Structure formats: structure tokens, C-alpha cells
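Coordinate-derived values only; no laboratory data. Nothing here was measured: the structure is a model prediction, and the numbers come from that model. Cβ placement follows ideal geometry from the backbone for every residue including glycine, while neighbour counts extend to all protein chains displayed.
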Amino acid sequence: MPSTNTFSSYGSVAKTFHWLTALLIFTALPLGWFANNLAHAIYDPSIPTTEEDLVRAVQFFSLHKTVGVTVFFVALARILWALTQTKPGLLNADNKPEAFAAEVVHWMLYASLVLVPLTGWLHHAAAEGFAPILWPFGQNLPFVPKSPYVAEVTAGLHWLFILVLAGSLILHIAGALKHHVVDKDSTLRRMLPGRSDAPQPPDQHHSALPAVAALAIWGAVLLGGWSTGVFSDHSAAATDTAELSEVQSDWQVQEGTLSITITQLGSPVTGTFADWTAAIAFEDPSESGLAGTVDVTIAIPSLSLGTVTDQAMGADFFDSTQFPTAQFKADLYKTDTGYEARGPLTIRDKTMDVVLPFTLDLQDNTAAMSGVLELNRLDFDVGKSMPGEDSLAFVVAVSVELVAQRAE
């Protein structure tokens, strides 16, 4: 069997690409379906979740992503090979409507084979994810920021394109079966392994109309996604609902970041709180001792923690519905080596005394501070269903950086 195509048959390379792509697609799709079902069960507060459930979901997601990236590269190689080859003619070219539909479906399939894994890969790179791609080349992509909005949009596109891929596959398979069972021609047989005795296709002319029709369908899909809110910034809307009231403070925070970093399956995942307030009273003493007070209130629902944000809000973790805020009331001390905030931290219904060491740079009436505090999640009953560290580490790093101006 020759490796290259002819006008009447496919070569061994094209056949290998075709069946390898089919195998990968029909592996990736069920893996993604099982992973999504497990994830929905984990996020559902009415369903008890175990550490084994999370590990299983991660395994399915990792396999799904790894196979998906493989599909992307195989599809690119397949397209590049096809560009160098003679395109076998349609055996039903005399049936103009059917031939036109077949070419439209082929254009849809080729585009889907690239766009579906590409949008999934972009979503993975933009999200603070916990299910890695199983390869040694890193998890990020150049020019793709870690952004909840970008992650949300690419996830929506990935889902839309999966629907297009599924529809195209159904039509492609139905067409092949129709040729084989009803028409009894060699359309399917000439793609099967081995040599096929395919007849010479009739003379035919390929126009750009099927490609234009496929583009129109893609445009309609994107328009439908836009009309159903796929491209809306739902993360920003959710944050707005958790906005806290302003507080009176001797020092007004001009800018700042409050973040946490968890370790999920050995990989760090960092999230930030979009809404928090700090009432600060501070006078820098000449010697070590009491320097002031701080009262920090944090809106828990404003946390964005990548792909595990919904899970973090659940009853076994922050339980944001019942405990929508966390609070840290502390005295500020100047020490021999720097500064510390000492006081009770309340998360959920648990309160513990903690010490936050921080650095402080005072320039006239402007203060820039930075500090890191490590907590044990189990001290606050966060993730009690995961009493070990196989999937979620005990230590959670809390980081704060802010610039404050003395109020006049």
C-alpha cells in the first residue's frame, strides 16, 4: 500500500492519521465527560466528598487534557500532511447537494480538531488549575495570563466547540455509513487499512463555497454563545455582590493585594480576595513596643481560586454561605527585627491567635507593608473531609501587600 494519496485512494500515512485521530477523540471525549461529572459531584454541597473522589477527578481531568493536547498536535500534523497530498475525489461528486454537505462537514471537522484542544489548553493555562497536563514541558503558555475571565471565556469556547465537534462527528459517521450500507460504494472501504479497489472518482471541481459555509456556521455558533452569555464576565459580577462597606481608618489603603496559596496535589494554586477592608491606627515608636491596631474584614465570596473556586466556597471548606466574612483584629508591634501584627483570626466559626510578621517602609505619610503568614487549614475546619495531605496540603500561605496614606 503506497504511503501517499492518489485521486482515487488514500495512502497509508493519511489512513494512520485518520484512525489515530479517531482513537484519540473517542478517548478524550468520555474522559472529559467522566471528569465533569465527578467535578459536579464534588462541587455539590449535598453530596459527601472524599479525598479519593478528588484524586479520581484530577486523574480523569489530567488524562483528558493530555489526550487533548495530543489531538492538537496530531491534527496539525494531519493538516500539514494533507496540504502536501493529492486530495482523493468524492465518489458521489455528481450528487451536488450531498457532495457540498460532505465538504462542509470536513471543514467543520478539521477546524474542530484544532479549536477544541486549543481552547482547552488556553483555559488550562489561564486558570489556576489543579489537574496538570501529564508531560514535562510546563503548564503555562506564552502571552496567556492567569485570569479568571480569560479562563471562563476559553472554557465557554471549549464547550461550544465540543458541541460542534460532536455534531460534525455524528454527521461524518452517518455519511460514511450511508455510503457503505445504502450506496454500497467504496467511500468507507478506501479509508480502511490495506489496499482498496476503489473506482476512479468522476471529474469534479472544488470551490470555496463549502469553506465559506463552514465559516458561516462557526460564526453562528459564536453568535449563539455570545447571546447565551458565554463571553460575559460572571466572575466580576459575583465579586460585586460581596462588596464590603468602607471603614474609618487613620491610614487609607491606596492599593493592595490579599492572597492565599494552597498546595493541591503537589502544585501551588494562588487566589486573591477582591474585597477586603482594613481600619489601621499606627504611629511608629522610637523603640520596640506597641505601635497601633488593625481591623481587617475579608469578603470570602470575593475569592478567586482558579478552577477550585466553587469548591473552596463549599460547606466543607470556607462555607461562604454561612460564614461570608473572615476577620483579623490585631495589635501592631515594633520589634527588634521588624514589625508584627498579633491577634485573633476568625475563619468560619473558628478563632485562633496568630502572629503576622511584616516589613514596613515609611516615607513621610506613605507606608508600604508586606507580610506572609502560614496557617494550618485544619485549625479552622477547612477541608475536614481531607484529613491527609495526599491531595490538599495542610499549610496555607496568606500574603498581604499594601500601600497606605495617612488620612489628613
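Computed quantities for the displayed model
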| read-out | value |
| --- | --- |
| Dipole of the chain, positive direction: furthest Cα of S385, A39, G306, with charges on the beta-carbon | A39 |
| Vicinal HN-Hα couplings computed from phi for region 20-25 (Karplus, 6.51 cos²θ - 1.76 cosθ + 1.60; Hz; Gly/Pro x) | 5, 4, 4, 4, 5, 4 |
| Region 165-206 and region 317-366: distance between their alpha carbon centers, rounded to Å | 68 Å |
| Per-residue ³J(HN,Hα) for region 120-128, Karplus 6.51 cos²θ - 1.76 cosθ + 1.60, θ = phi - 60°, Hz, x for Gly and Pro | x, 5, 4, 4, 4, 5, 7, 8, 7 |
| ³J(HN,Hα), Karplus 6.51/-1.76/1.60, whole Hz, each residue of region 86-103, x for Gly, Pro | 5, 8, x, x, 6, 6, 10, 4, 6, 8, 4, x, 5, 5, 4, 4, 4, 5 |
| Flagged links, alpha-carbon separation over 26 Å, of K87/K184; K146/K384; K15/K184; K15/K178; K65/K178 | K146/K384; K65/K178 |
| Charge dipole of region 103-253 about the Cα centre (unit charges at C-beta), most positive-ward option of L115, H158, Q204 | Q204 |
| Pairs of Cα atoms farther than 23 Å apart, region 12-232, % | 55 percent |
| Max mean-square fluctuation residue, GNM over the chain, Cα-Cα springs under 10 Å, options E374, E51, E246 | E246 |
| Neighbour cut-off at most 11 other Cβ (10 Å), DSSP loop, GluC sites (Glu not before Pro), region 268-370 | E283, E287 |
| Cα gyration tensor of the chain - equivalent ellipsoid semi-axes, whole Å, descending | 58, 21, 18 |
| Projected label distance in nm at T84 and D349, using a 7 Å step from Cα toward the beta-carbon | 6.8 nm |
| Amide H contacts under 5 Å for L303, placed H, 5+ residues apart | A274 |
| Shape call, region 77-130: gyration tensor on alpha carbons, a/c limit 1.5 | oblate |
| Projected label distance in nm at T50 and V150, using a 7 Å step from Cα toward the beta-carbon | 3.9 nm |
| Net length gained if the chain between K178 and Q200 were fully extended (0.36 nm per residue, minus Cα distance) | 6.0 nm |
| Highest-fluctuation residue, D275, D381, D203 considered, GNM on the chain with Cα pairs under 10 Å | D203 |
| Fewest-first ranking of W135, W276, W121, using other Cβ atoms within 10 Å as the exposure measure | W135, W121, W276 |
| Ranking of K87, K15 by count of other Cβ atoms within 10 Å, fewest first | K87, K15 |
| Selected from D284, D336, D390 as most flexible by GNM, with the chain as the system and alpha-carbon contacts under 10 Å | D336 |
